[in-house]
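Worksheet for the structure shown next.
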Amino acid sequence: MREKRTSHSGMVRLQSDQVEDKTSFLAQVAIFQHFSAQDLSAIEQSITSLPCSPGRILYRPGDVSNALFFVKSGRIQLYHLSTDGRKLITATLETGACFGEQVLCTPNISTSFAEAIDAATLYLLNKTDIEQLLQHNTAVAGALLQLMGQRLTGLEDQLINTTFKSVTARLAELLLQLATVQGKEFNGLAVNGFSHEDLADRLGVYRETVSTALRELKDVRAIQLGRKHIAIRQPDLLRQLAQTNSKSGLHRREH
């Protein structure tokens with residue numbers, strides 16, 4: 001996978017006609033929800049806006065982290081790359097999400113990639129402004145610690161599943177997480193818009209491995225496959241398979 005290089009150039013201070021929109025956004029962000037209008041107004045003066053085109057890299061492993069990011073619009077992916085090109089997505093972040101919390105660590109070095117996967121707008125707080133906030137508002141520190149704890153728990157769960165579960169079991173769990181209501185067809189549960197490669201990136205495996213696991217789930221009639229459409233025919237069976245703590249393959253089931 002070829003990396004796309006970029007910097008934080010292109011950041012702009014928000015104009016006066018954007019202030020109201022910014023205030024409304026900040027009031028919805030978890031770490032600022034307890035702030036008064038006056039507090040939010042003070043923070044507004046420190047925030048910069050960063051428009052991102054699809055594919056823009058915000059940071060990569062080894063980069064020094066100098067800002068905390070907030071997703072105003074669009075989607076951001078956090079991921080790792082192996083030396084053989086495999087991709088492991090650890091988070092897909094949407095409006096209101098916060099990332100780049102490594103700015104609070106020592107050393108403040110990034111360990112993953114952050115990339116805009118479609119057109120996005122970010123708000124940024126630089127390291128100096130964050131440190132001032134932490135000194136004067138302990139609630140912000142608590143909220144950021146909670147964010148870091150949640151992200152760490154998610155990574156721990158991912159590690160446990162990778163170590164103890166087969167790819168098929170992990171895929172079953174992922175499909176249940178991604179499932180959306182699709183009318184009455186196939187009990188109304190389906191996953192749309194994901195290619196085999198997209199699912200492989202979520203699990204950190206090769207596309208061919210996911211294709212094999214999908215066939216196994218199809219063979220036991222847990223799912224039905226279409227083009228970027230996976231209908232979940234038996235949700236209860238898929239949940240059962242997702243809880244299988246074994247590296248061994250699926251035993252074929254007849255229904």
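The values are calculated or read from the model by the stated rules, or taken from the named source; none is laboratory data. Quantities reported herein were computed from a predicted structural model and do not represent experimental measurements. Backbone-built Cβ (ideal geometry, glycine too); neighbour counts: all protein chains shown.
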Quick check on segment 168-178. Is at least one of its residues surrounded by 16 or more Cβ atoms within 10 Å (Cβ to Cβ), under 21 Å from Leu40 (Cα atoms), in contact with a strand residue (DSSP E or B) (Cβ under 7 Å, 6 or more places away or on another chain) and not charged (D, E, K, R)?
no
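Residues checked against (1) in contact with a Lys or Arg (Cβ under 8 Å, 6 or more places away or on another chain); (2) in contact (Cβ under 8 Å) with a residue 12 or more places away in the chain; (3) crowded, with 18+ Cβ neighbours inside 10 Å:
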{"site": "Ile89", "(1), (2), (3)": "yes, yes, yes"}
{"site": "Phe113", "(1), (2), (3)": "yes, yes, yes"}
{"site": "Ile130", "(1), (2), (3)": "no, yes, yes"}
{"site": "Gly142", "(1), (2), (3)": "no, no, no"}
{"site": "Thr153", "(1), (2), (3)": "no, no, no"}
{"site": "Glu156", "(1), (2), (3)": "no, no, no"}
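Every residue, every condition in (1) aromatic (Phe, Trp, Tyr); (2) in contact with a strand residue (DSSP E or B) (Cβ under 6 Å, 6 or more places away or on another chain), yes or no:
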site	(1), (2)
Ala190	no, yes
Phe194	yes, no
Ala200	no, no
Val210	no, no
Ala213	no, no
Glu216	no, no
Asp219	no, no
Ala222	no, no
Residue check, Gln135 at negative phi, surrounded by 12 or more Cβ atoms within 10 Å (Cβ to Cβ) and polar (S, T, N, Q)
no
Considering only residues that are part of a helix (DSSP H, G or I) and in contact (Cβ under 8 Å) with a residue 24 or more places away in the chain, which ones fall in segment 158-173?
Gln158, Thr162, Phe164, Val167, Thr168, Ala169, Arg170, Leu171, Ala172, Glu173
So if I check each of Thr106, Thr90, Thr111, which one is at pLDDT 90 or above, over 13 Å from the mean Cα position of the chain (by Cα), farther than 21 Å from Ile232 by Cα and not in a helix (DSSP H, G or I)?
Thr111
Check Gly85, Gly96 and return the single one that is in contact with a helix residue (DSSP H, G or I) (Cβ under 8 Å, 6 or more places away or on another chain) and in a loop (DSSP other than H, G, I, E, B).
Gly96
